[in-house]
Every structure is written in C-alpha cells, then in structure tokens.
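The values are calculated or read from the model by the stated rules, or taken from the named source; none is laboratory data. These numbers were taken from a predicted model, which means no experiment stands behind them. As a convention, Cβ positions derive from the backbone with ideal geometry for all residues, glycine included, and neighbour counts pool all protein chains shown.
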C-alpha cells in the first residue's frame, strides 16, 4: 500500500516529501530582546556593558537601525593592544573602529532546517536574524535550533 499524507499532496499532484514539508521559521525560536551597540558609541562603554551583562558580544547598528557589524570579546581585546602597545588614547575610540564588519546573518524567512545547516557548516554559535531591509529582528543560537528540533520530534526524542 502506498500512502502519501495529505499535507504532502499539493494541487492534485503528489509532492516531494522533502521539498514540500514546511518547517517553522527561525523567528519562532529566536531571541528578540537583544543588547545592541551603535557604530558611534564609545568602545569603552561597549566593553563595560559586555562585562556587566556577562555577554560575549553583540550586534552593532547604524543610525538607521541596520545591522553593520558585530562586536565581540575578541574584538575588544584589540583595545588592550592599542592601549598597551601603541599607547593610543581610548577615550575617543568608537565601536566601529573595533567591530567585525563582515557579518553572517540569517533571513527571517529561513526555516530551522536551513539554520541547522548554517550552524553545521560554520563555527558560529549564533546568527543575527534580519528582515528584508537588513534590520535586526533577533538572534538565533545553536541551542534555539536544538530546542526547535526537540519540539518537532517530541514523540521520539527523550531525555534520560
């Protein structure tokens, strides 16, 4: 007996079970309450916030609210080098001088399978999620995707 579930049949034809199954978008599992920095913000202020909030980094936005970079703990260590090695005054240094400008993002339309593939093919632990205008709408982590997978397969996944 050949059985094709009704959700795979589309417009009178039998669909491709891999292509036709729709998974939840990353927006259903992402974090939306994010700490962000601005390009023209003081780097010392950003470092203090990173230390105080116990985070490893945060997205950087421009004045229009578009994602332009990421500032990480590693980026902030360059401040130490500039101060100690080059004796550069830090009071007037800005986030945009230290942030990583090359940012890999996920679209808000990416589903959890696409996000899982992105995590598997990179060393990133989290991705900023952007809308069609490159505006930050949230952030998704590996753990968020694992939680999503657990909800998809709640009948077969179990914790001992």
Checklist entry - So which residues in the range 83-106 are surrounded by 16 or more Cβ atoms within 10 Å (Cβ to Cβ) and within 30 Å of residue 152 (Cα to Cα)? => result 103, 105, 106
Checklist entry - Counting just the residues of the range 35-66 that are closer than 28 Å to residue 111 by Cβ and modelled with pLDDT of 95 or more, which one comes out surrounded by the fewest Cβ atoms within 10 Å (Cβ to Cβ)? => result 35
Next on the checklist: Please determine whether any residue of the range 126-138 is within 17 Å of the chain's Cα centre (by Cα), modelled with pLDDT under 95 and under 20 Å from residue 47 (Cβ atoms).
Outcome noted: yes
Item to check | Pick from the range 42-66, criterion over 18 Å from residue 125 (Cβ atoms) and part of a strand (DSSP E or B), ranking: farthest from the chain's Cα centre (by Cα) | outcome: 42
Checklist entry - Out of all the residues in the range 108-126, which are free of Cβ contacts under 8 Å to residues at least 40 places away in the same chain and under 21 Å from residue 69 (Cβ atoms)? => result 118, 119, 122, 123, 124, 125, 126
